[in-house]
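This report concerns only the one structure given below.
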Amino acid sequence: MFESLKPVAMDPILGLMAAFRADTRTTKIDLGVGVYMDDHGHTPVMASVKEAEAQLMQLETTKSYQGIAGDPDYNQRTLELLFGAGQSILNSGRIKSIQAPGGSGALRVGAEVTQRARPEAKLWVGVPTWPNHIPLLGSAGFEIEEYPYYDRDTHQINTDAMMETLRQVPAGDMVLLHGCCHNPTGADLTHEQWDQIADLALERGFIPFIDTAYQGLGDGLDEDAYGLRMMADRLPELVVASSCSKNFGLYRERTGSITFIAESPEQVEIVASQAMAVARQTYSMPPAHGALLVSLILGDQQLRANWEAELAEVRGRIQSMRSLLADNIQNNVAGIDFTHVKMQKGMFSFLGLNTAQLDHLREEFGIYIVSSSRVNLAGVNSNNIDYLSSSILSVLK
Ligand code: LMR
C-alpha cells in the first residue's frame, strides 16, 4: 500500500530547526523557529510555570480523561485573558471557547467547524503569512485566496492594496488576521486599520478568523488584544485561535484554545458541539498539563503577577535586541534604513536579505534564518550581537 506515497519535504521552519541542531559550530546562531531565548540563548521554563508545576504535583489526584472541551476553568480564564475580564461579550452568552492542542490544533478545529457551516467559504490570507497557515487550513478543506499585506520595499503594510482586495471579499468568506505580532513580518495592523477591516466585515459580510499566538509579546496583554476585543464587540460572528506556547513558554505542552462568537447563545452552543465533534473525531481530547498550569497561574494573584513580570521581561528583551541589531546594521551600511525593525512588534521582522545572502550566512557563519528572511529577534543576545552584526554586514557589503 505505502509504495504509492511520495516523500514530503519537511516544513521549512522545522527543517531549519533540525539543521541548526545538527550544526556542531559553537558560534552558530538560531534566528529561525519562533521560540523565545534568553540572553544566554536558552529557552527557559518560566519561573511562574515551574511554581505552578510544583503546585500541580501536589494538587493533581488523577490522570483520568478530562473531557473533549478540556479544563472548564482554563477555558473561562483564557476567555478573560483574550477578551478582557468584565467585557460585555463574556456575559452575552454568544461566546464559547474550548481547549485545543496548541494554536495549530485550534486553527484546525476552527477551520473544520467553519467548513462544516459553509463548505463553499473561501479563506483569505494575507501575503505573507505564517507558512504553515496554508497547508494547515487548506488541508481542512478551505480554498485559499490571498490579499496583499506587507510591502517589502516600503517595509510597511500595503494598506491601500489590502483594503482594496478586502473590499472584494464575498459575504460568508473568511479572512485570516494575525491578532498581534504578525508572523512573519512583525508589522501589526494599527487600531485604525483594525477598525476599517471591522467596518468592511460588517459591510461585506465576511467573517474574520483571528490567529493570536503572541499576546503579551508586542506592547502588552491588553494592548495586543485591541483588534480581537474590538471585533468581538462589533461583529456578529468571529473565530479566534489562540496559543499559550509563546506567552507562557509552553511550546511542547500544546496548549491552545479555539473560541467562537455566534449570533445568539443558541447558535454558539451548536457551534461548540460541532467543535467538540471535530475534536472527538481527530484527537479526542486535548492534552491537560499545560492548560492546568495556565489555569493555576491565571487563578492565583501572586503567580499571575509573577508571570506578567516575566512576560514583560521577555517583551523588553526582544525590543532591546530589535533596537541593537537595527542600529548596528544601519549605522554601518550607507543607505540602509532599518527603522522598521525597531518599530515592529513581537518576535519577528524581515531583514530583506536575499537567498544567496541567507545561504552565505548559514554556510559560512552558522546563522540560521528562514528563507523569507524572517528573523526571530529573541535569538539575538549580548554574546552573539557583535558576531551576528559583523556577519550580516559582511553579506550586505
Ligand atoms: C514559527 O513561526 O516559527 C513558530 O510558530 C513555530 C512553528 O510551528 O512554525
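No lab work stands behind these numbers, since they all come straight from the coordinates. Remember, predicted model here, so these are calculated numbers, not experimental data. Cβ placement follows ideal geometry from the backbone for every residue including glycine, while neighbour counts extend to all protein chains displayed.
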To the nearest 20 debye, what charge dipole does region 65-299 have about its Cα centre, counting +1 at the Cβ of each Lys and Arg and -1 at the Cβ of each Asp and Glu?
880
Taking r as the C-beta separation of residue 26 and residue 266 and R0 as 56 Å, the FRET efficiency to the nearest 0.05 is 0.40
For the peptides 355-364, 293-302, 369-378, 336-345, what is the packing order when you average, over each peptide's residues, the other Cβ atoms within 10 Å and list the highest mean first?
369-378, 293-302, 336-345, 355-364
Cross-link partners of residue 246 among lysines (Cα-Cα below 19 Å; sequence separation of 8 or more within a chain):
50, 345
How high is the relative contact order of the chain? Use alpha-carbon pairs under 8 Å, at least six apart in sequence, and give a whole percent.
26
Could you give the spread of the C-alpha atoms of the chain along their three principal axes, from largest to smallest, in whole angstroms?
62, 55, 54
Out of the DSSP beta bridges found with both residues in the chain, what percent are antiparallel (nearest 5)?
50
Bridge orientation stat for region 65-299 from DSSP, antiparallel percent rounded to 5, came to 45
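Using helices alone, I'd like the mean residue ellipticity at 222 nm for the chain: each DSSP H run of four-plus residues gives -39500 (n - 2.57), total over residue count, nearest 500.
Result for the chain, helices only: -14000 deg cm²/dmol.
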For the peptides 238-250, 277-289, what is the packing order when you average, over each peptide's residues, the other Cβ atoms within 10 Å and list the highest mean first?
238-250, 277-289
Taking a crude spin-label model, label points 7 Å out from Cα along the C-beta direction, the residue 64 to residue 305 distance in nm is 3.7
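Can you classify region 241-378 as rounded, prolate or oblate using the Cα gyration tensor, where a ≥ b ≥ c are the square roots of its eigenvalues, rounded means a/c under 1.5, and otherwise it's prolate if a/b beats b/c and oblate if not? Intermediate results must be reported in sequence, preceding the final value.
Working: a/c = 2.49, a/b = 1.91, b/c = 1.31.
Taking the square roots of the gyration eigenvalues as a ≥ b ≥ c, region 241-378 is prolate.
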For helix 355-365, what angle does its Cα long axis make with the longest principal axis of the chain, in degrees from 0 to 90 and rounded to 10?
70
Cα centroids of region 102-178 and region 355-390: how far apart, whole angstrom?
29
What does the extension gain come out to for residue 283 and residue 356, with contour length at 0.36 nm per residue minus their alpha carbon separation?
22.1 nm
Debye calc, one equal point scatterer per Cα of region 65-299, no solvent, log10 I(q)/I(0) at q = 0.09, 0.10, 0.16 1/Å comes to -0.33, -0.41, -1.12
Measure out, as a whole number of angstrom, how far apart the alpha-carbon centroids of region 46-97 and region 263-298 sit.
11
